[in-house]
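One structure below.
The values are calculated or read from the model by the stated rules, or taken from the named source; none is laboratory data. Since the model is a prediction, treat every value here as computed from it, not as a measurement. No Cβ is skipped: glycine too gets one built from the backbone with ideal geometry, and neighbour counts run over all protein chains shown.
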Amino acid sequence: MSKKFYITTPIYYVNARPHIGHAYTTIACDTVARRHRMLGDDTWFLTGTDEHGQKIERAAQAAGKTPQQFADEVSETFRTSWERLGLSYDDFIRTTSDRHKEGVQALWRKIRDNGHIYKGTYTGQYCVFDELYVDAVGPGAPCPDCGRPTETVHEENYYFKLSAFEDKLIKLYTEQPDFIRPETRRNEVISFVRSGLRDLSVSRSTFSWGIPVPDDPKHVVYVWLDALANYITALGYGQKDQSKYEKYWPGIHMIGKEIVRFHCVYWPAFLMASGLPLPKGIVAHGWLLFEENKMSKSRGNIVRTETIVDVLGIDALRYFLLREIVFGQDGSFSFDALVQRYNADLANGLGNLASRTLTMINRYFRGEVPYPSQTGRTPADEAIASTAKRVIAEFDSLFDQYQFSRALELAWGLVAAVDKYIVENEPWSLGEKQDEGSRARLATVLYTSAEALRIVTALSHPIMPDATAKIWTQLGLGEIRKFDLSALQWGQLRLGTKLGEIQAVFPRADKSAVERMHKMEELKSENAAVTSAPPSTSPATQEAAVKPESSAGTKPGTAVPDGKISIDDFAKVELRVALVKTAERVKGADKLLRLEVDLGTEVRQLVAGIAEAYEPETLVGRKVVIVANLAPRKLRGLESNGMIVAASPEGGKPVLASFLEDVPIGTRLK
Ligand code: MSP
């Protein structure tokens with residue numbers, strides 16, 4: 001009987017569109033799921049969207065939509081994005097679906113009937129962003145978790161007796177040390193639980209966007225109880241057909257480090273309270289940063305996967321994320337690092353190994369895998385075989401411990417060893433000779449290389465499904481997804497196998513690839529500025545943003561001589577005095593500085609092409625003039641919210657506009 005394997009991603013909030021951070025978790029799960037399928041396990045891979053709660057209700061309001069309309073639209077963008085990335089999920093759960101609601105209500109009843117839910121009142125601070133009651137004092141006090149202002153609430157709620165589960169949880173973490181991975185997260189959770197657990201409010205009555213509490217529909221179920229339950233409701237828990245639940249539960253949850261507490265404390269406690277089996281384990285990864293910075297809307301540095309996929313392909317993205325970032329730790333994403341890794345490991349590494357080996361088999365053996373010589377094997381041949389055997393043995397256990405980067409590093413050690421082996425054995429020189437000894441040696445060298453190529457290809461199929469499928473067909477082995485990975489061994493490549501048609505799998509990327517990706521991101525952010533101007537934008541800027549090509553503002557009938565603009569046109573440009581608070585060079589761009597400027601009412605980020613004229617330190621504390629109502633645009637991945645005004649002498653360096661008299665910050669130039 002085949003083993004069962006169940007893996008889940010977090011379900012993503014629908015208040016943001018999918019980006020590379022969400023893709024990271026989903027790709028990692030997809031890789032694990034694909035490997036289990038290849039090993040012959042009966043695998044189920046779940047992802048979905050988290051659509052209830054006050055945060056979503058407010059985001060919908062701000063967008064002028066009903067929460068359901070809003071959730072439908074954003075949830076669809078996740079599905080579309082996952083389809084484009086070729087992610088192999090088996091089910092996509094939405095928390096607004098009937099099946100989920102039914103399951104959540106069943107779970108609630110079970111916990112309640114077991115005596116773990118009671119009614120109580122709460123007065124205190126609430127953090128809408130985290131959807132948590134927090135220890136903060138007074139209206140607007142900052143949330144101790146995320147620093148955002150909290151809101152004071154007074155509510156009659158249902159409470160879950162979380163405090164009763166302290167000892168049971170500690171026992172769980174102790175008896176099952178790999179319940180929480182990695183170790184650092186496990187230690188944090190243990191000390192959190194040891195510091196004492198308070199009962200948890202599990203209903204809300206101040207808003208209605210949620211699942212009604214059974215038998216008391218004035219309340220809705222707390223969004224985290226609602227969301228966590230997805231892992232079992234998607235399998236049919238609490239519904240008519242529970243067969244999948246019976247078959248696959250319990251499973252493994254993969255999550256980002258910021259939601260460890262919900263998964264490792266609340267979720268097991270809810271399950272203990274309902275008498276259901278606990279998850280097999282929770283694996284938390286770190287944060288993906290963009291060029292060392294946290295990705296966020298306000299910084300304007302959110303990377304979408306489409307750009308990368310369009311330029312380098314899905315496999316390049318998947319390989320990069322799993323190879324470059326040590327799973328569990330924070331890691332940095334940049335287009336430069338992506339292209340470097342792609343060229344080094346894929347174009348020059350696996351791709352080159354495939355094309356040179358297969359081309360030589362074509363040329364010297366009419367496209368059939370040659371017979372290695374049984375006699376006259378050299379230590380170099382044996383060394384490749386034994387490295388390959390070690391790789392097969394160790395790859396598995398590294399993967400099982402979610403150490404993707406180490407597993408890939410190990411396999412690419414074999415790629416490097418074979419490259420060196422080819423260089424040292426010079427098959428191209430052997431190919432020029434006709435004597436029997438040289439032919440036999442050539443056959444051995446090419447067989448050994450092709451077999452090593454087959455092994456790396458099989459092992460990396462879950463990580464790079466498309467490229468490896470192509471190499472597999474080029475090796476003449478048919479469909480890779482039919483290959484049983486659990487049987488992988490050195491020496492299985494059958495002699496005389498007829499190769500398929502050879503094609504380059506990873507064409508080398510030149511420097512322009514990085515530029516192209518930056519450009520595409522910039523264009524996207526400009527388009528975003530055009531199509532989704534925030535509701536707070538003044539009517540004038542909105543019009544300018546929506547119709548950039550028109551001579552916006554010119555009243556019909558107002559004659560304006562050629563090449564001149566009307567006073568109305570000029571009035572549209574909002575020039576203001578701003579004070580430079582910080583200035584720094586933009587990595588990898590000689591001409592750009594990143595500035596933070598104070599406009600009196602707000603501080604914003606600008607990216608200005610003045611690095612050749614000004615040292616960043618000399619600008620701090622200086623007053624400058626900026627165009628304050630320019631639609632945001634992205635430069636080198638950074639959002640620029642406005643433009644600095646400078647004289648630009650022909651062939652010379654820019655000179656910043658300044659004043660002889662002192663002018664208050666924020667003053668408008670007219
Ligand atoms: N809806 C909750 C989860 C409920 S699960 C029962 C939620 N959603 S979220 O949209 O904020 O997604 C958070 C998850 O997305 C993270 O835990 C992580 O898996 C992924 N990531 C989002 N941004 C990320 C990075 N910048 N880096 C790495 N992962 C990130 O929390």
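Are any of the residues in the stretch 322-329 more than 10 Å from the ligand (Cβ to nearest atom), within 25 Å of Arg79 (Cα to Cα), without any contact (Cβ under 8 Å) to a residue 40 or more places away in the chain and surrounded by 21 or more Cβ atoms within 10 Å (Cβ to Cβ)?
No, the stretch 322-329 contains no residue that is more than 10 Å from the ligand (Cβ to nearest atom), within 25 Å of Arg79 (Cα to Cα), without any contact (Cβ under 8 Å) to a residue 40 or more places away in the chain and surrounded by 21 or more Cβ atoms within 10 Å (Cβ to Cβ).
I'm checking my understanding of the structure. Among residues of the stretch 233-253 that are out of contact with any Gly (no Cβ under 7 Å at 6 or more places or on another chain) and outside any loop (DSSP other than H, G, I, E, B), which one is nearest to the ligand (Cβ to nearest atom)?
His253
Do we find a residue being more than 30 Å from Thr307 (Cα to Cα), modelled with pLDDT of 85 or more and out of contact with any helix residue (DSSP H, G or I) (no Cβ under 6 Å at 6 or more places or on another chain) anywhere in the stretch 638-646? Steps first, answer last, please.
We begin by selecting, within the stretch 638-646, every residue more than 30 Å from Thr307 (Cα to Cα); these are 645-646.
This time we only want the ones that are modelled with pLDDT of 85 or more, so: 645-646.
Checking the rest, the ones that are also out of contact with any helix residue (DSSP H, G or I) (no Cβ under 6 Å at 6 or more places or on another chain) come to 645-646.
Yes: one or more hits.
How about the stretch 465-505: which of its residues are closer than 14 Å to Phe395 by Cβ and in contact with an Asp or Glu (Cβ under 7 Å, 6 or more places away or on another chain)?
Trp490
With (1) at pLDDT below 95; (2) within 16 Å of the ligand (Cβ to nearest atom) as the list, and Glu151 as the residue in question, which single condition is left unmet?
Among (1) at pLDDT below 95; (2) within 16 Å of the ligand (Cβ to nearest atom), Glu151 violates only (2).
Is it true that Leu446 is at negative phi, crowded, with 20+ Cβ neighbours inside 10 Å, more than 35 Å from the chain's Cα centre (by Cα) and of a type outside the set (Lys, Arg)?
Working: at negative phi: yes; crowded, with 20+ Cβ neighbours inside 10 Å: yes; more than 35 Å from the chain's Cα centre (by Cα): yes; of a type outside the set (Lys, Arg): yes.
Answer is yes for this residue.
Mind listing whichever residues of the stretch 19-48 are of a type in the set (Ser, Thr, Tyr) and farther than 20 Å from Val260 by Cβ? Don't jump to the end; show me each part of the working.
Within the stretch 19-48, the first condition is being of a type in the set (Ser, Thr, Tyr), and the residues that meet it are 24-26, 31, 43, 47.
Result: Thr31, Thr43.
Can you confirm whether the stretch 494-513 contains a residue that is at pLDDT below 95, surrounded by 13 or more Cβ atoms within 10 Å (Cβ to Cβ) and part of a helix (DSSP H, G or I)?
Checked against the condition, which is being at pLDDT below 95, surrounded by 13 or more Cβ atoms within 10 Å (Cβ to Cβ) and part of a helix (DSSP H, G or I), the stretch 494-513 yields at least one hit.
β-branched (Val, Ile, Thr), closer than 17 Å to Gly300 by Cα and in a strand (DSSP E or B) - does that describe any residue in the stretch 648-660?
At the first step, the residues of the stretch 648-660 found to be β-branched (Val, Ile, Thr) are 655.
Filter again for closer than 17 Å to Gly300 by Cα, leaving none.
No, every residue in the stretch 648-660 fails to be β-branched (Val, Ile, Thr), closer than 17 Å to Gly300 by Cα and in a strand (DSSP E or B).
Quick check, is Thr49 away from the ligand (no atom under 14 Å from the Cβ), at pLDDT 95 or above and not in a helix (DSSP H, G or I)?
Details: away from the ligand (no atom under 14 Å from the Cβ): no; at pLDDT 95 or above: yes; not in a helix (DSSP H, G or I): yes.
No, not satisfied.
Specify which of the listed residues (Asp50, Asp91, Asp98) is touching a residue at least 60 places away in the same chain (Cβ under 8 Å), surrounded by fewer than 16 Cβ atoms within 10 Å (Cβ to Cβ) and under 22 Å from Tyr231 (Cα atoms).
Numbers: Asp50 fails: surrounded by fewer than 16 Cβ atoms within 10 Å (Cβ to Cβ); Asp98 fails: touching a residue at least 60 places away in the same chain (Cβ under 8 Å).
Testing whether each residue is touching a residue at least 60 places away in the same chain (Cβ under 8 Å), surrounded by fewer than 16 Cβ atoms within 10 Å (Cβ to Cβ) and under 22 Å from Tyr231 (Cα atoms) leaves just Asp91.
Would you point out the residue of the stretch 53-88, among those that are of a type in the set (Val, Ile, Thr) and more than 17 Å from the chain's Cα centre (by Cα), that is surrounded by the fewest Cβ atoms within 10 Å (Cβ to Cβ)? Talk me through it step by step, then tell me what you get.
The first filter runs over the stretch 53-88 and keeps only residues of a type in the set (Val, Ile, Thr), leaving 56, 66, 74, 77, 80.
Restricting the remaining residues to those that are more than 17 Å from the chain's Cα centre (by Cα) gives 56, 66.
Working: Ile56: 25, Thr66: 13.
Checking each candidate, the answer is Thr66.
For Ala28, state whether it is more than 22 Å from the chain's Cα centre (by Cα), of a type outside the set (D, E, K, R) and over 21 Å from Asp226 (Cα atoms). Can you show your working first?
Values: more than 22 Å from the chain's Cα centre (by Cα): no; of a type outside the set (D, E, K, R): yes; over 21 Å from Asp226 (Cα atoms): yes.
When the stated conditions are applied, Ala28 does not pass them.
When the residues of the stretch 31-46 are narrowed to those that are within 15 Å of the ligand (Cβ to nearest atom) and of a type in the set (A, V, I, L, M), which ends up surrounded by the most Cβ atoms within 10 Å (Cβ to Cβ)? Write out each step before concluding.
Going through the stretch 31-46, the residues within 15 Å of the ligand (Cβ to nearest atom) turn out to be 31-32, 45-46.
Cutting the leftovers down to of a type in the set (A, V, I, L, M) gives us 32, 46.
Working: Val32: 22, Leu46: 24.
Per the criteria, the residue is Leu46.
Name the pairs whose Cβ atoms lie under 7 Å apart, with the first residue in the stretch 224-237 and over 17 Å from Ala269 (Cα atoms), the second at pLDDT 95 or above and part of a loop (DSSP other than H, G, I, E, B), and 6 or more positions between them or separate chains?
Leu235/Trp249; Gly236/Gln242
Among the residues of the stretch 6-30 satisfying the criterion of being under 24 Å from Lys280 (Cβ atoms), within 9 Å of the ligand (Cβ to nearest atom) and of a type in the set (Phe, Trp, Tyr), which is surrounded by the most Cβ atoms within 10 Å (Cβ to Cβ)?
Filtering first and then ranking leaves Tyr24.
With the condition kept exactly as written, say whether any residue in the stretch 647-668 is at negative phi, of a type in the set (A, V, I, L, M), surrounded by fewer than 20 Cβ atoms within 10 Å (Cβ to Cβ) and under 39 Å from the mean Cα position of the chain (by Cα). Before the answer, list the steps.
First pass over the stretch 647-668, keeping only residues at negative phi: 647-650, 652-665, 667-668.
Still in the running and of a type in the set (A, V, I, L, M): 647, 655-657, 660, 663, 665.
Next, only the ones that are surrounded by fewer than 20 Cβ atoms within 10 Å (Cβ to Cβ) stay: 647, 655-657, 660, 663, 665.
Still in the list and also under 39 Å from the mean Cα position of the chain (by Cα): none.
Looking through the stretch 647-668, none of the residues is at negative phi, of a type in the set (A, V, I, L, M), surrounded by fewer than 20 Cβ atoms within 10 Å (Cβ to Cβ) and under 39 Å from the mean Cα position of the chain (by Cα).
Would you point out the residue of the stretch 254-303, among those that are of a type in the set (A, V, I, L, M) and part of a loop (DSSP other than H, G, I, E, B), that is nearest to the ligand (Cβ to nearest atom)? Steps first, answer last, please.
Residues of the stretch 254-303 of a type in the set (A, V, I, L, M): 254-255, 259-260, 265, 269, 271-273, 276, 278, 282-284, 288-289, 295, 302-303.
Then keep just the ones that are part of a loop (DSSP other than H, G, I, E, B); that gives 276, 278, 295, 302-303.
On the way: Leu276: 16, Leu278: 15, Met295: 5, Ile302: 9, Val303: 9 Å.
If we take residues in the stretch 254-303 being of a type in the set (A, V, I, L, M) and part of a loop (DSSP other than H, G, I, E, B), then Met295 is nearest to the ligand (Cβ to nearest atom).
Does at least one position in the stretch 98-117 carry a residue that is within 22 Å of the chain's Cα centre (by Cα) and of a type in the set (Val, Ile, Thr)? Show your work before the answer.
Step one: list which residues in the stretch 98-117 are within 22 Å of the chain's Cα centre (by Cα), which gives none.
No, the stretch 98-117 contains no residue that is within 22 Å of the chain's Cα centre (by Cα) and of a type in the set (Val, Ile, Thr).
Would you point out the residue of the stretch 285-300, among those that are surrounded by fewer than 22 Cβ atoms within 10 Å (Cβ to Cβ) and touching a Leu at 6+ places or on another chain (Cβ under 8 Å), that is farthest from Ala467 (Cα to Cα)? Full working, then the answer.
First, pick out the residues of the stretch 285-300 that are surrounded by fewer than 22 Cβ atoms within 10 Å (Cβ to Cβ): 286-287, 289-299.
Within this subset, residues satisfying the condition of being touching a Leu at 6+ places or on another chain (Cβ under 8 Å) are 295, 299.
Working: Met295: 29, Arg299: 35 Å.
Out of the qualifying residues, it is Arg299.
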